[in-house]
1. Can you order the peptides 227-238, 6-17, 71-82 by their average number of other Cβ atoms within 10 Å per residue, highest first?
2. Say the cut-off is 21 Å between C-alpha atoms; which of 259/282; 259/304; 196/259 go over it?
3. In nm, to one decimal, how far is the modelled label at residue 215 from the one at residue 20, with both set 7 Å along Cα→Cβ?
4. What is the sum of charges around residue 141, taking Lys and Arg as +1, Asp and Glu as -1, for the other residues whose C-beta is under 10 Å from the C-beta of residue 141?
5. Please label the shape of the stretch 26-324 as rounded, prolate or oblate, based on the square roots a ≥ b ≥ c of the eigenvalues of the alpha-carbon gyration tensor (a/c under 1.5 means rounded; beyond that, a/b larger than b/c means prolate, else oblate).
6. Can you tell me the order of 122-134, 297-309 when each peptide is scored by its average per-residue count of other Cβ atoms within 10 angstrom, highest first?
7. Would you mind counting up the charge near residue 162? Only other residues with Cβ under 11 Å from its Cβ, with Lys and Arg at +1 and Asp and Glu at -1.
8. State the antiparallel share, in %, of DSSP beta bridges confined to the stretch 1-97, rounding to the nearest 5.
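Read-outs throughout are calculated quantities, based only on the coordinates presented, and are distinct from any laboratory measurement. Predicted model, so just to flag it, every value in this text is computed and none were measured. Using ideal geometry, Cβ is built from the backbone for each residue, glycine included, and neighbour counts are taken over all protein chains shown.
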Amino acid sequence: MSSFPEMRLRRLRRTESLRRLFRETRVTVDDLILPLFVVPGQNVKQEIDSMPGTFHLSIDQLPREAEEIARLCIPAVLLFGLPENKDELGTAAYDSGGIVQRAVCELKRQVPDLVVITDVCLCQYTSHGHCGVIENGRVDNDKSVALLARTAVTHAEAGADIVAPSDMMDGRVGAIREALDDSGLSDVMIISYAAKYASAFYGPFREAADSAPQFGDRLSYQMDPANAREAIREIELDILEGADAVMVKPALCYLDVIKIARDSFSHPLAAYSVSGELAMIKAAAQKGWLDERRATLELLTALKRAGADMIVTYAAREAARWLRV
Ligand SMILES: [Zn+2]
């Protein structure tokens, strides 16, 4: 009785109602985190060429954005800032009056319930575009960690609910947890970019965040795309250092890593669907080669099926509208 012709799996797919009933994985708006790029100036709402639907926004635009995001029921945003000035040490990153710090205040003032996550890194703030401090031509781990911890504290003091270190320095999660706790910010959560790969799919983001390295590359700190077992070690370390949740970035080429992370750990797991993933769908859709809605929702569903609890996606707004039906 267990094989054809008695067993016919097409029975499960005969009507839309049956398909709904037997569906194993569901993406909902509750899963979505929308990245926002905040820039200096007034009245700036400039679409990023390689990321249709994603904008550079000045702080005065945030109240309107926050209201729209709340209306769409998207629970969380992930903030990136482009500072007025960059320098060798990325000092604008840990300036309490810096762009992200002010943006956090504005968002929290406008929509207190919106979960505000801040990206913690130095690459948008350093003149050389690396994620840490340069010593003798290379990124110095421990000096960078100290500055990342300072940055995280200023974000938390401004009102961030969650800080998300994305630099891939060793020991940064522990240093950030300690600095937060020492500053009386023990309620602030850490989502670590635990397995962040040196990926070609970040291409459009570097335009958006103006964060391309001015020399060399990030291969000495971001992970080798060929390694999955090493991701387990990275995630394990971040959990031991106090990460409340962990992230895999990028997402689409790393479904196996998401799956391994899901099977190995019980911590909440986020997947970051990066700019290149969006760009592939957007560009193909513009040419009429892909159905944007179906392709986007299929991608998000695949990330959840692989084991992600939360998805950072530039398509969060569109997805929220499509999922509303
Ligand atoms: Zn960085």
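1. By packing density, highest mean first, the sequence is 71-82, 227-238, 6-17.
2. Those over the limit are 259/282.
3. The modelled label-to-label distance comes out at 6.1 nm.
4. So the environment of residue 141 carries a net charge of -2.
5. The shape class here is rounded.
6. 122-134, 297-309
7. Local net charge: -4.
8. 30
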